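Just so it is clear, none of the values below were taken in a lab; they were calculated from the coordinates. Just so we're clear, the structure is a prediction, and the values are computed from it rather than from any experiment. No Cβ is skipped: glycine too gets one built from the backbone with ideal geometry, and neighbour counts run over all protein chains shown.
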């Protein structure tokens, strides 16, 4: 299997250098190029055939949102991970709607970037824990009422508690200990949550929340 080809986009050389140092530690990664501005990005990606693009969303000469819109319009096939110091829910929602496959806060990039690259390369989405927590908080603030083009479902208070722990990657046993309820009860709640949201996993929850304007 060939290496995962990565292109970096950030207007700060120090960020590029930091990412290069981290990514070069992975044997299955190859950084094939980087851009400090928006000049000729499409041509560079076409030439180096990058599989994954890691990009900042705020750059002085061109807005990252505009780059994503252009990628979407032109059908650029790369997987995209947004790396940003901004974690506003509206911004996260916007970039995901524009085709981004992952979103990382710059604060946690070092420990998450390799996992994120592999996940998005394999067709999954990836969010660092702080972003997942924000998504869950936004979801919880709807009081569990799901809106959108499907019939409404209501998540109970207990289901929201379990959902929060699931997003934080607690195991069933850990959730049982935390909430002092049986493992069988946890499993039943899990099934009900997934059934109500019509999703299969945590990433499905995030995608549902975005699609149905829960955030």
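Figures for the structure shown
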read-out	value
Cα→Cβ-extended label distance, 7 Å offset, between residue 115 and residue 191, nm	2.9 nm
Efficiency of FRET from Cβ geometry, residue 171 and residue 97, R₀ 22 Å, rounded to 0.05	0.10
For region 4-127, alpha-carbon Rg relative to the globular expectation (2.2 N^0.38 Å, N residues)	0.94
Net length gained if the chain between residue 27 and residue 108 were fully extended (0.36 nm per residue, minus Cα distance)	27.0 nm
Label-point separation, residue 20 to residue 133 (7 Å along Cα→Cβ), nm	3.3 nm
Separation of the residue 66 and residue 13 label points, Cα + 7 Å toward Cβ, nm	2.4 nm
